[in-house]
1. Using Cα pairs under 8 angstrom and six or more residues apart, how large is the relative contact order of region 73-228, in percent?
2. Multiply the residue separation of Asp253 and Lys160 by 0.36 nm, subtract the distance between their alpha-carbon atoms, and state the gained length in nm to one decimal.
3. Once you have the Cα-Cα distance between Ala153 and Leu234, take 0.36 nm times their residue separation minus that, and quote the gain in nm to one decimal.
4. Pulled fully out, how much extra length does the chain show between Arg222 and Asn269, if you take 0.36 nm times their separation in residues and subtract their Cα-Cα distance?
5. Using the count of nearby Cβ atoms within 10 Å as a rough guide to exposure, how do His212, His165, His172 rank from fewest to most?
6. Only Cα pairs under 8 Å and at least 6 apart count here; give the relative contact order of region 156-278 as a rounded whole percent.
7. Tabulate in residue order the Karplus-calculated ³J(HN,Hα) for region 72-79, using 6.51 cos²θ - 1.76 cosθ + 1.60 with θ = phi - 60°, rounded to whole Hz; enter x for Gly and Pro.
8. Asp104's amide H: which non-local residues (gap 5+, or another chain) put their own amide H closer than 5 Å, with H modeled 1.01 Å from N in plane and none for Pro or chain starts?
Amino acid sequence: MALQIQTLTIPPKKYFLCFSRFLSQFLSRDPYDPPFSPSSKPPKLKKTNKKDPSHAKDPTLNRPLKSDLPFDFRYSYSETNPSVEPIGFREPPRFSPFGPGRLDRRWTGTSAPAQQQVDPESVAQARSRVLGDPLTEEEVAELVENYRHSDCASQINLGKGGVTHNMLDDIHNHWKRAEAVRIKCLGVPTLDMDNVCFHLEDKSGGKVIYQHLNILLLYRGRNYDPNNRPVIPLMLWKPYAPIYPKLVKNVADGLTFEETKEMRNRGLNSPPLMKLSE
């Protein structure tokens, strides 16, 4: 019995169609983009450091700040006495707390004196112009009711440093949005509230309209314009306190050391006039 073997033959036309379909599915027309290749990422752009020509052309940016305030700049105005000169410094006076070249005044170690002569009459006139007419009792009562409470948003805490230089900038920042600012005094400055009120009014140009114990309300004035506020350069760090002479002298005036020591021992050995407790 003879086996008949039949071979499968594909017609040329059908073979051509299969081959063309294979090419259309797996081969790309672009020879540089083969199939199954990962998606190409966009090229990274190189960063170029372009300087702003407006800053480079403006020569006023590198100049020191100029302030027209008519008083000497100090770290604390209420807790220092300008009439007492220090006997030494804990840091060189050439290191200004305002930063190198940022102020047109020279730092002496305790203050930055004003370079121009101050006319007290012109300063008083400018201050009265900003304050305007005095407040009536109804206006004062309304301001006190709005700003005297503890939940007031415009509040500044005055600590042991007293009325500091940077606090003046904080006061003017609050005056942009509010007519008055609530100041809560804490610590040593509360022993002399009149001194605190004087320096707040003198340095800021405002007026204290309310005082109860350690709470103050500082009014900005009727004609206050936030756009024309004075230039107050900030201190970048707290300067070291200079060395002052001792308040209690070892030797009394007009006596020698031996005479002072003898009188001191005599007072220590004398009987007390009154005993507070047994």
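Every number here is computed from the coordinates shown, using simple stated rules; none is lab data. Only a predicted model underlies this, so the values are computations on that prediction, with no experimental measurement involved. In this analysis, Cβ positions are derived from the backbone assuming ideal geometry, glycine residues included, and neighbour counts consider all displayed protein chains.
1. 26 percent
2. Gain on extension, Asp253 to Lys160, equals 30.3 nm.
3. Values: separation 81, 0.36 × 81 = 29.16 nm, distance 2.28 nm.
Value of the extension gain: 26.9 nm.
4. Extra length available between Arg222 and Asn269 comes to 10.5 nm.
5. Details: His212 9, His165 21, His172 18.
Exposure proxy ranking, most exposed first: His212, His172, His165.
6. 22 percent
7. Using θ = phi - 60°, the values come out as 6, 7, 10, 5, 10, 8, 8, 10 Hz.
8. Under 5 Å from the amide H of Asp104: Leu65, Ser67.
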